[in-house]
1. Of (1) in contact (Cβ under 8 Å) with a residue 40 or more places away in the chain; (2) assigned to a helix (DSSP H, G or I), A:Ala245 satisfies all except one. Which?
2. Restricting attention to segment A:266-280, which residues are charged (D, E, K, R) and within 7 Å of chain B (Cβ to nearest Cβ)?
3. Within segment A:200-209, is there a residue that is facing chain B (nearest Cβ under 8 Å) and either surrounded by 15 or more Cβ atoms within 10 Å (Cβ to Cβ) or modelled with pLDDT of 95 or more (or both)?
4. When you check B:Leu70 against the structure, is it within 20 Å of the chain's Cα centre (by Cα) and at pLDDT 95 or above, yes or no?
5. Can you tell me which residue among B:Phe165, B:Phe101 is in contact (Cβ under 8 Å) with a residue 40 or more places away in the chain and either more than 9 Å from chain A (Cβ to nearest Cβ) or surrounded by 24 or more Cβ atoms within 10 Å (Cβ to Cβ) (or both)?
6. Does B:Phe165 meet the test of being touching a Cys at 6+ places or on another chain (Cβ under 9 Å) and among the aromatic types (Phe, Trp, Tyr)?
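The values are calculated or read from the model by the stated rules, or taken from the named source; none is laboratory data. This one's a predicted model, so the numbers in the text were calculated from it and none came from an experiment. No Cβ is skipped: glycine too gets one built from the backbone with ideal geometry, and neighbour counts run over all protein chains shown.
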Amino acid sequence: MENFSPTDPMIPRSYRVKRKIRESHDTFTLDLQPDNLEEKTNFAPGQFNMLYTFGVGEVPISISGPMKESGHILHTIRGVGNVTQALNNLKIGQKVGLRGPFGNAWPIEEAKGKDVIIMAGGIGLAPLRPAVYSLFSQRQQYGDIALLYGSRKQEDLLFHKEFETWRGKYGIQVKVTVDTGDRSWKGNVGVVTTLVPRVSFDPSNCIAMICGPEVMMRFSALELTHAGLTEDKIFITMERNMKCAVGFCGHCQFGPAFICKDGPVFRYDQIKPFISTREF
Amino acid sequence: MNKSEVIDKEGLNRLIQILIGRGYEVVGPTVRDEAIIYDQVFSIEDFPAGWTDEQEGGIYRLKKRSDEALFGYNLGPHSWKKFLHPPERKLWQAQKEGLDFDIIPEKPEHKKYAFLGARSCELHAVAIQDKVFMQGTHTDLHYQALRKNALFVAVNCGQAASTCFCVSMQTGPEVENGHDLVLTEVLDDKRHDFLIEAGSEAGKNILKEVKAKPAGEGDIKKTKEIIANTATQMGRKMDTENIKELLYENLNHLNWDKIAERCLSCANCTMVCPTCFCSTVEDVTDITGEHAERWQKWDSCFTMDFSSIHGGVVRNSTKSRYRQWMVHKLASWQDQFDTSGCVGCGRCITWCPVGIDLTQEVGLIRKSEPGQSGILSGNEGQNENS
């Protein structure tokens, strides 16, 4: 008995796991397809969905791809909580509840004609991947593109198999670093901000998009301003507790904004005072 | 201006019967557990005749009046939000079928409420919750269904509590908007009447049936006097000038620490506030594991869980939670909903176990040097948020 209401934003719709991709030791990607094949799976890069597993609960998960209208949708998830672990236990063909997409988008349009810096920490690359794909789909519209990616350890790096294509086919600068590297790691060691001086971009004509832990985003923004970017050209994505995703429940309030509907992407100069205030 | 008419106590009873006859569940003031609360009423027998309340920070007690006034009290702990935005509500249920499950939505309730005795500040509070649930990007269909059917029989306040400050919030004491009918209780040695006016077409329609008498010049004058007199009785005052800027600029003010020394983080203020709307969801499963339900329940920014994300709790300290509440109520609410979140009802003062008074706290922040500790003074380095 299918009885989903299309108008009540609190009612999940029925989706099924089509594919499951292991990304790292604790991270996986679920490829979901709507039961209702008529349903559009359009989204804007940066948006998120609420995923529900039966009897366990619901969590906000960023959409990690693909970009084209394709009838399916990807979510890259770290299995570290009750619901995300339950999502990890799902088998192909099993059902999840999905509400969304919610939230605003990365400034893909605004970045046209400019250089673009993508900075990500850990799983922060997941919500940025659709933005990267989106830039690639109109590659000639953008100047230099640089991806600066950091994670704690080598085994936490996501999507690294794609990096060669990104470099080769789309000509973007990809720099990767880890906080601590073991013997097998031949790359950079250190925080992601150390990569900023190592890529070329025109700070007077550049847009930066950052996603990662709050402290990483603040120091990345700081480093970029040192490199000459103004704060109104830097965009970050915020995380807070979220229950409804539609502005009713109040959990994700962040100063003047609701992260669920006014964010999660914010222009840095507009939220800097609040992100800089402890426990805000 | 709408035509004023007069009814006596019997007329008020008639009004209640007409509302019941039209299919409304009439909710009004009644005495229970030594407080005046809102619950279903069937006649004026249920009303708190001759009762009033004394209020101060952390203090609420009922007292006998020298007369038999029906609306001679101020405000109790309840507000109308408990009917329109109930403390808990099932959103949907899910039934397991093998490895699959189906979600069965809970249909919006189409109950008809007539709220009798709503005060001006309370009507403003309802208008504010309307903005939250019906005028944003998404609509809360459950709230909307109840709200669209609701009828408001408001009352002009005949007195104010020492915790009232609707005058400074410009939300009262005179009922001006959002009502279908409005009453003013006129009571002296010779008479116990209610001046009644319609505020909507629905109200006019009902008033016709009530068979009220036309009001005289004297009645209208008397009503104006009552309201004017109430306005002079405000026990509190809030200076709202540039209040948003004031609070945004003082997010690190020392007074937040002072408040935190007293605040119990009990969430009472958010429960009694007629505009606080926060909720959480709770997933429950039955013992077979085949049936799951999702419930929405009132929540409060004063709880630890409220701000928990992966990696910890954002607002760990009482200080940060009180600041979240007050800055939201008085400042960011303006950014989000183009109105203050405070209507000056004073409930948060009365029902705070330690009597924290937000009008006073705003005053303390205002009194000190501005910009010393705020977000505009650029003291980022001192406030590592890790």
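1. (2)
2. Filtering segment A:266-280 down to residues charged (D, E, K, R) leaves A:267, A:269, A:272, A:278-279.
Matches in segment A:266-280: A:Arg278, A:Glu279.
3. No, segment A:200-209 contains no residue that is facing chain B (nearest Cβ under 8 Å) and either surrounded by 15 or more Cβ atoms within 10 Å (Cβ to Cβ) or modelled with pLDDT of 95 or more (or both).
4. no
5. Result: B:Phe165 is the single residue among B:Phe165, B:Phe101 that is in contact (Cβ under 8 Å) with a residue 40 or more places away in the chain and either more than 9 Å from chain A (Cβ to nearest Cβ) or surrounded by 24 or more Cβ atoms within 10 Å (Cβ to Cβ) (or both).
6. Numbers: touching a Cys at 6+ places or on another chain (Cβ under 9 Å): yes; among the aromatic types (Phe, Trp, Tyr): yes.
Criteria met by B:Phe165.
Quick grid of which residues meet (1) over 24 Å from the mean Cα position of the chain (by Cα); (2) closer than 23 Å to B:Glu106 by Cβ; (3) modelled with pLDDT under 95:
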{"residue": "B:Thr288", "(1), (2), (3)": "yes, yes, yes"}
{"residue": "B:His291", "(1), (2), (3)": "yes, yes, no"}
{"residue": "B:Ser300", "(1), (2), (3)": "no, no, no"}
{"residue": "B:Ser317", "(1), (2), (3)": "yes, no, no"}
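Results for (1) of a type outside the set (S, T, N, Q); (2) in a helix (DSSP H, G or I); (3) within 26 Å of B:Pro353 (Cβ to Cβ); (4) touching a strand residue (DSSP E or B) at 6+ places or on another chain (Cβ under 6 Å), shown as yes or no for each residue.
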| position | (1), (2), (3), (4) |
| --- | --- |
| B:Leu247 | yes, yes, yes, no |
| B:Asn255 | no, yes, yes, no |
| B:Ala260 | yes, yes, yes, no |
| B:Cys269 | yes, yes, yes, no |
| B:Phe277 | yes, no, yes, no |
| B:Val281 | yes, no, no, yes |
| B:Gly289 | yes, no, no, no |
